[in-house]
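Peer 1: Questions regarding the structure given below will be posed in turn.
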Amino acid sequence: MSRVEPLRRPPRLGPGARVAVVAPSGPVPEERLQAGLDTLRGWDLDPMAAPHVLDRHGEFDYLAGTDADRAADLQAAWCDPAVDAVICARGGYGVQRMVDLLDWPAMRAAGPKVFVGFSDITALHEAFAARLGLVTLHGPMAAGIDFLKNTRAQEHLKATLFAPETVRTLASDGTALVPGRARGVTLGGCLALLAADLGTPHARPSARGGLLCLEDVGEEPYRLDRYLTQLSRAGWFDGVSGLLLGSWAQCGPYEKVRALLADRLGGLGVPVAEQFGFGHCDGALTVPFGVTAELDADAGTLTLDEPALS
């Protein structure tokens with residue numbers, strides 16, 4: 001059985017680094033995009049908006065332009081040698097429609113660089129891991145309200161980008177759903193997207209050997225149950241080392257969500273940390289995927305063996 005392996009770390013950013021902002025999923029409000037670009041400029045970065053970042057699909061208003069244009073923006077940014085990082089503008093829905101339009105060999109040849117996003121971007125985190133072998137950052141997006149209005153989210157992402165050695169330990173305010181310590185390689189993201197990825201080209205066979213991070217937004221408990229049960233039936237949790245549970249915003253009363261998580265995940269026999277402070281929540285932490293780390297569920301900490309970026 002294959003295991004989750006540590007991935008190649010991209011270089012950290014420095015002053016003046018060129019950052020491309022792309023919209024692989026949903027449409028982006030212009031005022032939020034401009035506010036995000038201003039924030040990045042305030043970090044002494046050189047942000048540029050991709051050509052189609054403000055597009056709207058002519059028929060499906062939940063998409064930021066056509067699949068081909070969204071893919072072209074991401075690929076062009078990634079393959080541009082002047083670009084040091086690619087940050088998604090927002091999530092929503094749409095990555096699954098464009099991910100197989102990308103020229104993965106060309107992107108692999110372009111070399112490692114920083115990639116940031118979460119939510120629907122989970123499908124790209126999985127693709128970057130499987131097809132490029134690169135560490136990616138599950139973190140706030142440039143035009144996200146949770147990013148624009150929250151200093152903690154901004155500062156944690158900034159520290160991860162510029163001085164990753166200062167944030168090698170991620171500390172949450174949560175508790176242990178299942179106590180204990182575990183070591184493994186970080187992976188995960190939005191629960192619904194991980195379930196939807198099953199059976200697709202290059203999909204990970206399981207989270208064996210991994211520290212699996214899970215969160216979601218706007219899903220009723222029975223739908224969360226469906227995703228967790230589907231992943232379980234597919235053997236995706238077999239051999240997982242531990243779990244970190246992030247936010248479950250708009251998923252119903254937390255006590256019901258917590259009971260469901262305990263029911264579906266408590267029997268795995270591994271440590272599970274809850275309310276870990278990543279995902280769709282205020283002050284969301286930036287979590288690198290593809291790095292070896294130790295989870296202490298009782299203390300609510302995740303300690304990386306080495307900084308997220310080189």
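The values are calculated or read from the model by the stated rules, or taken from the named source; none is laboratory data. Just so it is clear, the structure is predicted and the values come from calculations on it, not from any experiment. In this analysis, Cβ positions are derived from the backbone assuming ideal geometry, glycine residues included, and neighbour counts consider all displayed protein chains. Side chains included, ligands, DNA and RNA excluded: accessible areas come from the protein's heavy atoms. Shrake-Rupley method; radii C 1.70, N 1.55, O 1.52, S 1.80 Å.
Peer 1: Please give the number of the condition GLU126 fails out of (1) surrounded by fewer than 19 Cβ atoms within 10 Å (Cβ to Cβ); (2) farther than 16 Å from ALA20 by Cβ; (3) of a type in the set (D, E, K, R).
Peer 2: Going through (1) surrounded by fewer than 19 Cβ atoms within 10 Å (Cβ to Cβ); (2) farther than 16 Å from ALA20 by Cβ; (3) of a type in the set (D, E, K, R) one by one, GLU126 breaks only (1).
Peer 1: Then there is this: Here are the criteria: (1) farther than 17 Å from ALA262 by Cβ; (2) touching a Leu at 6+ places or on another chain (Cβ under 9 Å). Tell me which single one LEU214 does not satisfy.
Peer 2: For LEU214, the failing item is (1).
Peer 1: Right, here's the next one. Among the residues of region 229-268, how many are closer than 13 Å to CYS190 by Cβ and in contact with a helix residue (DSSP H, G or I) (Cβ under 8 Å, 6 or more places away or on another chain)?
Peer 2: 4
Peer 1: Follow-up. Examine region 116-128 for a residue that is on the phi < 0 side of the Ramachandran plot, without any contact (Cβ under 8 Å) to a residue 40 or more places away in the chain and among the β-branched types (Val, Ile, Thr), and state whether such a residue exists.
Peer 2: Scanning region 116-128, I find no residue that is on the phi < 0 side of the Ramachandran plot, without any contact (Cβ under 8 Å) to a residue 40 or more places away in the chain and among the β-branched types (Val, Ile, Thr), so the answer is no.
Peer 1: Looking at region 129-141 only, could you name the residues that are outside any strand (DSSP E or B) and either open to solvent by less than 10 Å² (accessible area, probe 1.4 Å) or within 17 Å of ALA23 (Cβ to Cβ) (or both)? Spell out how you get there, then give the answer.
Peer 2: Of all residues in region 129-141, those outside any strand (DSSP E or B) come to 129-133, 135, 139-141.
Scanning region 129-141 gives VAL135, GLY139, PRO140, MET141.
Peer 1: Which of the residues that make up region 157-183 are open to solvent by less than 30 Å² (accessible area, probe 1.4 Å) and assigned to a helix (DSSP H, G or I)?
Peer 2: Selection gives LEU157, ALA159, THR160, LEU161, PRO164, VAL167.
Peer 1: Just to be sure, is ASP100 more than 12 Å from the chain's Cα centre (by Cα), modelled with pLDDT under 95, in a helix (DSSP H, G or I) and surrounded by fewer than 23 Cβ atoms within 10 Å (Cβ to Cβ)? Give the derivation first.
Peer 2: Working: more than 12 Å from the chain's Cα centre (by Cα): yes; modelled with pLDDT under 95: no; in a helix (DSSP H, G or I): yes; surrounded by fewer than 23 Cβ atoms within 10 Å (Cβ to Cβ): yes.
Against the criterion (more than 12 Å from the chain's Cα centre (by Cα), modelled with pLDDT under 95, in a helix (DSSP H, G or I) and surrounded by fewer than 23 Cβ atoms within 10 Å (Cβ to Cβ)), ASP100 does not qualify.
Peer 1: Here's something else I'd like to know. Can you confirm whether region 211-225 contains a residue that is assigned to a helix (DSSP H, G or I), open to solvent by less than 10 Å² (accessible area, probe 1.4 Å) and touching a residue at least 12 places away in the same chain (Cβ under 8 Å)? Quick ask: steps written out before the conclusion?
Peer 2: Initially, region 211-225 is screened for residues assigned to a helix (DSSP H, G or I), giving 221-225.
From what is left, the residues that are open to solvent by less than 10 Å² (accessible area, probe 1.4 Å) are 224.
Still in the running and touching a residue at least 12 places away in the same chain (Cβ under 8 Å): 224.
Yes, some residue in region 211-225 is assigned to a helix (DSSP H, G or I), open to solvent by less than 10 Å² (accessible area, probe 1.4 Å) and touching a residue at least 12 places away in the same chain (Cβ under 8 Å).
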